[in-house]
Amino acid sequence: MTEPAGAVPETRGALVGRRMSAPVMHGYFRPRILGAWRVPASGPVILAGNHSHNVDGPLLMGTAPRPVHFLIKQEAFVGVVGWYLRTIGQLAIDRTTVDRAAITRALGVLDDGGVLGIFPEGTRGEGDFSSIRAGLAYFAVRSGAPVVPVAVLGTAERRSRVLKALPPVRCPVDIVFGEPFQAGSADGRRTRKAMDEATLRIQDRLTTHLAAARRDTGR
């Protein structure tokens, strides 16, 4: 199913996703949620999380204080799963090219005062923000939305003996929300240099938050 380039997912879809994910995530894991009050209660926001396990997205969706529209690789949008992801307001993106349709929809979420979720490392890895893509900087600078760093800790520490692809049931995890910040320059420039500077600024803030979250949680 191809979505129209200008089709912005409705917040109520993401709200349904949050309501469905919350009991599942709280039932499967033992999440400790820290700093959720730092997420602005209204207006456009970008949640930028580290990514070390496939469950990080659903976990953050079910524990964030506001409904979130995540940018998710288009390969996940297949069959029933694809239908479900679209129904709950998630955004498919082609990571092999400049996906202008996905960019338009993501900016539309922010223009409507919604929450955009991004894993800026681009794919599941070490989850340490050692390498982030420039897309997050583009959305932050273009929209002017504050970025809230999120550290998701504990999902990759152990594996279930029954389902090797998942953490064990009742696995303790920490979701730590950081202070919101503006990624763009004070003069509002949108040049290539400004985007590069914003990317470095974002990486510094995210890695600093992750280090602080690990220290504060003992992970």
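In this structure, does residue 36 turn out to be touching a residue at least 12 places away in the same chain (Cβ under 8 Å) and in contact with a strand residue (DSSP E or B) (Cβ under 6 Å, 6 or more places away or on another chain)?
Numbers: touching a residue at least 12 places away in the same chain (Cβ under 8 Å): yes; in contact with a strand residue (DSSP E or B) (Cβ under 6 Å, 6 or more places away or on another chain): yes.
Yes: the conditions hold for residue 36.
With respect to the conditions (1) modelled with pLDDT under 90; (2) assigned to a strand (DSSP E or B), residue 126 lacks only one, and its number is (2). Within the set 190, 205, the sole residue that is touching a residue at least 12 places away in the same chain (Cβ under 8 Å), surrounded by 12 or more Cβ atoms within 10 Å (Cβ to Cβ) and in contact with a strand residue (DSSP E or B) (Cβ under 8 Å, 6 or more places away or on another chain) turns out to be 205. Any residue in region 10-21 that is among the hydrophobic types (A, V, I, L, M, F, W, C) and part of a loop (DSSP other than H, G, I, E, B)? Scanning region 10-21, I find no residue that is among the hydrophobic types (A, V, I, L, M, F, W, C) and part of a loop (DSSP other than H, G, I, E, B), so the answer is no. Annotation: of all residues in region 178-187 being hydrophobic (A, V, I, L, M, F, W, C) and within 13 Å of residue 147 (Cβ to Cβ), the one that is surrounded by the fewest Cβ atoms within 10 Å (Cβ to Cβ) is 181. Of the residues making up region 170-193, just one is aliphatic (A, V, I, L, M) and at pLDDT below 85, namely 186.
Considering the conditions (1) surrounded by fewer than 17 Cβ atoms within 10 Å (Cβ to Cβ); (2) part of a loop (DSSP other than H, G, I, E, B), residue 215 is excluded by exactly one of them, (2).
Within region 187-201, is there a residue that is β-branched (Val, Ile, Thr), within 20 Å of the chain's Cα centre (by Cα) and not in a helix (DSSP H, G or I)? There is no residue in region 187-201 that is β-branched (Val, Ile, Thr), within 20 Å of the chain's Cα centre (by Cα) and not in a helix (DSSP H, G or I).
Among the residues of region 49-95, those identified as in contact (Cβ under 8 Å) with a residue 60 or more places away in the chain, crowded, with 19+ Cβ neighbours inside 10 Å and either assigned to a helix (DSSP H, G or I) or on the phi > 0 side of the Ramachandran plot (or both) are 56, 57, 59, 60, 63, 89. Note on region 96-105: among residues that are surrounded by 18 or more Cβ atoms within 10 Å (Cβ to Cβ) and closer than 14 Å to residue 73 by Cβ, the one that is nearest to the chain's Cα centre (by Cα) is 102.
Among the listed residues 25, 20, identify the single one that is within 17 Å of the chain's Cα centre (by Cα) and aliphatic (A, V, I, L, M). Steps first, please.
Working: 20 fails: within 17 Å of the chain's Cα centre (by Cα).
Sole residue among the options that is within 17 Å of the chain's Cα centre (by Cα) and aliphatic (A, V, I, L, M): 25.
Taking (1) touching a Leu at 6+ places or on another chain (Cβ under 8 Å); (2) exposed (fewer than 15 other Cβ atoms within 10 Å of the Cβ); (3) not basic (Lys, Arg) in turn, residue 25 satisfies each apart from (2).
The values are calculated or read from the model by the stated rules, or taken from the named source; none is laboratory data. Just so you know, these numbers come straight off a predicted model, no measurement behind them. All Cβ positions, glycine included, derive from the backbone under ideal geometry; neighbour counts span all protein chains shown.
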